[in-house]
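One structure is given below, encoded as structure tokens.
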């Protein structure tokens with residue numbers, strides 16, 4: 001089993017941190033993991049993406065042209081990477097900032113207003129954690145309880161941010177497990 005997850009968006013949206021936390025969860029569960037960050041020189045506001053490769057065998061190549069899954073936090077990222085996602089992959093779209101879908105019928109497309117949800121949980125900067133929670137809950141690739149523990153560990157030295165990020169993680173899970181969402185370009189009206 002090998003799966004690849006791409007996180008993509010603007011610099012400053014916590015894209016690299018999302019990938020790093022997901023890689024940590026996979027390592028804690030005993031998988032082989034590669035995390036490859038990429039970002040433009042602009043940092044905040046420029047483009048940023050990372051690839052997380054998870055496998056139960058040694059990973060032959062960390063360079064992946066067609067990821068299994070995508071978390072797109074802005075429209076340029078969706079437009080650039082969604083066409084390359086493998087069939088039956090999960091594509092999470094931040095519908096707070098993206099008004100279009102992936103225009104594919106062979107994927108599990110979720111349009112979740114993660115930025116709006118983050119604002120409601122207390123801090124817009126936790127949108128990446130909302131998206132991470134929603135992705136893990138929907139894909140079921142990794143254990144959600146382990147994700148909770150890894151988020152706690154990530155913020156152990158930033159105690160003031162821990163409650164907000166824990167709430168963001170749970171709100172992301174709730175967005176895909178408790179509140180029905182509609183695939184194929186329709187927003188979740190219960191959350192907006």
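For the stretch 82-93, the set of residues classified as part of a loop (DSSP other than H, G, I, E, B) and over 19 Å from residue 19 (Cα atoms) consists of 87, 88, listed by residue number.
Report, by residue number, each residue of the stretch 94-109 that is in contact with a helix residue (DSSP H, G or I) (Cβ under 6 Å, 6 or more places away or on another chain) and either under 18 Å from residue 136 (Cβ atoms) or in a helix (DSSP H, G or I) (or both). 94, the sole residue that qualifies. Checking 147, 132, 169 one by one, the residue that is modelled with pLDDT of 95 or more, more than 18 Å from residue 82 (Cβ to Cβ) and in contact with a strand residue (DSSP E or B) (Cβ under 8 Å, 6 or more places away or on another chain) is 132 and no other.
The single condition among (1) touching a helix residue (DSSP H, G or I) at 6+ places or on another chain (Cβ under 8 Å); (2) within 26 Å of residue 153 (Cβ to Cβ) that residue 4 does not meet is (1). Looking at the stretch 1-81, the strands (runs of 3 or more DSSP E) lying wholly inside it that each contain 1 or more residues that are touching a residue at least 60 places away in the same chain (Cβ under 8 Å) sit at 2-10, 47-55, 69-72. The set of residues in the stretch 38-50 being modelled with pLDDT under 85 and touching a helix residue (DSSP H, G or I) at 6+ places or on another chain (Cβ under 8 Å) consists of 39, 47. When we screen 53, 25 for residues that are over 21 Å from residue 169 (Cα atoms), more than 12 Å from the chain's Cα centre (by Cα) and at pLDDT 95 or above, the only hit is 53.
Taking the stretch 150-163 as the range and being modelled with pLDDT under 95, touching a helix residue (DSSP H, G or I) at 6+ places or on another chain (Cβ under 6 Å) and assigned to a helix (DSSP H, G or I) as the test, only 154 passes. Just one of (1) assigned to a helix (DSSP H, G or I); (2) in contact (Cβ under 8 Å) with a residue 12 or more places away in the chain; (3) more than 14 Å from the chain's Cα centre (by Cα); (4) under 19 Å from residue 14 (Cβ atoms) fails for residue 119. It is (2).
Being surrounded by 15 or more Cβ atoms within 10 Å (Cβ to Cβ) and under 17 Å from residue 47 (Cβ atoms) is the filter here, so list the residues in the stretch 81-100 that pass it. The answer is 81, 82, 93, 94, 97, 98.
The values are calculated or read from the model by the stated rules, or taken from the named source; none is laboratory data. Small disclaimer: the values here were computed from a predicted structure and weren't measured. Because the Cβ atoms are built from the backbone with ideal geometry, glycine has one as well, and the counts that use them run over all protein chains shown.
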